[in-house]
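One structure is given here, and the rest of the page talks about it.
The values are calculated or read from the model by the stated rules, or taken from the named source; none is laboratory data. Because the structure is predicted, anything quoted here is derived from the model rather than measured. No Cβ is skipped: glycine too gets one built from the backbone with ideal geometry, and neighbour counts run over all protein chains shown.
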Amino acid sequence: MVRRLTLLLSALLVVIALPVKADSCTLRVAVAASFRPALQQVVPEFERRYHCSVQLSSGSSGVLYQQVLHRAPFDLFLSADRERPELLEKRGGALADSRHTYALGLLALWHPGSAVNIEQLLQTWPEKIVLADPKVAPFGRAAQQALQSLGLWEKKQTQLARVHNAGQAYLMLDSGNAQLGFVAASQMQAAGRDNFWLLPQRLYTPIEQQLVIPAQSRRPEKARALANYLRSAEVQMQLQQLGYGLLPAQSKGGEL
């Protein structure tokens, strides 16, 4: 009798526990490496408000795009450019009307503390210069454009040390394996560093960072909620303090 009662009680506990498990919420987000530090700063408040945990996977925008395109189980894709979200949308890999700008990236030059201007330092620097791979990383493409604008791209080819993404560029410089390189301003702000210069925005195409909800998203409504949260005035103010530019008024828009 006691054994039957124990079994009955155990079964009842399982039944009671099931709804809790069903209601649990996890949002899987593919985020460009350069934006991950900023996202980690603002996402806890979203988790608190919406009772949904956010699981991050980061890498270069090009690699993440390929994963999303091949239906990796992501609910939201935060690219460091607008090109990949546009391509995903054109190829039918995104939900309709889900592509929007969420941040404006700023390119920075990590320097060793020399009190000279950017162009002079780049012109005379004799050692390697770190940058993310322009073929897959938006900040790498911006670095290439800046060097081209200064007439240094061809001249400095033998000195360029290409890494996979902006996160790896930062790590290489932070480790002391290089003294000069291009990174995201937000990475420097997040680390509390001041040994950098912001590149004049006339030297490169604006790094308009866009998000999109993949067609395979299992939680599209929560993904839209996070997208709207990131584009809110509250979060945009925080992002400016974290090294991002001011979004054009038309990019903020309304809710998705």
Filter the range 50-65 down to residues that are at pLDDT below 95 and out of contact with any strand residue (DSSP E or B) (no Cβ under 8 Å at 6 or more places or on another chain) and give me whichever is nearest to residue 210 (Cα to Cα).
62
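Against the definition (outside the structural domain of residue 76 (by TED's automatic domain parsing), surrounded by 23 or more Cβ atoms within 10 Å (Cβ to Cβ), part of a helix (DSSP H, G or I) and at pLDDT 95 or above), how does residue 169 come out, yes or no?
Considered against the rule, which asks whether it is outside the structural domain of residue 76 (by TED's automatic domain parsing), surrounded by 23 or more Cβ atoms within 10 Å (Cβ to Cβ), part of a helix (DSSP H, G or I) and at pLDDT 95 or above, residue 169 comes out as yes.
Return yes when residue 68 is touching a strand residue (DSSP E or B) at 6+ places or on another chain (Cβ under 7 Å), closer than 14 Å to residue 216 by Cα and part of a helix (DSSP H, G or I) and no when it is not.
So residue 68 fits the description; yes.
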Contact list please: Cβ distance under 6 Å, first residue in the range 115-130 and more than 19 Å from residue 163 (Cα to Cα), second residue exposed (fewer than 14 other Cβ atoms within 10 Å of the Cβ) and not charged (D, E, K, R), pairs at least six apart or on different chains.
121/114
Whichever residue in the range 145-162 is without any contact (Cβ under 8 Å) to a residue 24 or more places away in the chain and under 15 Å from residue 121 (Cβ atoms) and, among such residues, is surrounded by the most Cβ atoms within 10 Å (Cβ to Cβ):
155
Can you tell me which residue in the range 188-225 is nearest to the chain's Cα centre (by Cα), limited to those that are within 16 Å of residue 166 (Cα to Cα) and of a type in the set (A, V, I, L, M)?
207
Only one of 186, 217 is assigned to a loop (DSSP other than H, G, I, E, B), buried (at least 17 other Cβ atoms within 10 Å of the Cβ) and touching a residue at least 12 places away in the same chain (Cβ under 8 Å); which?
217
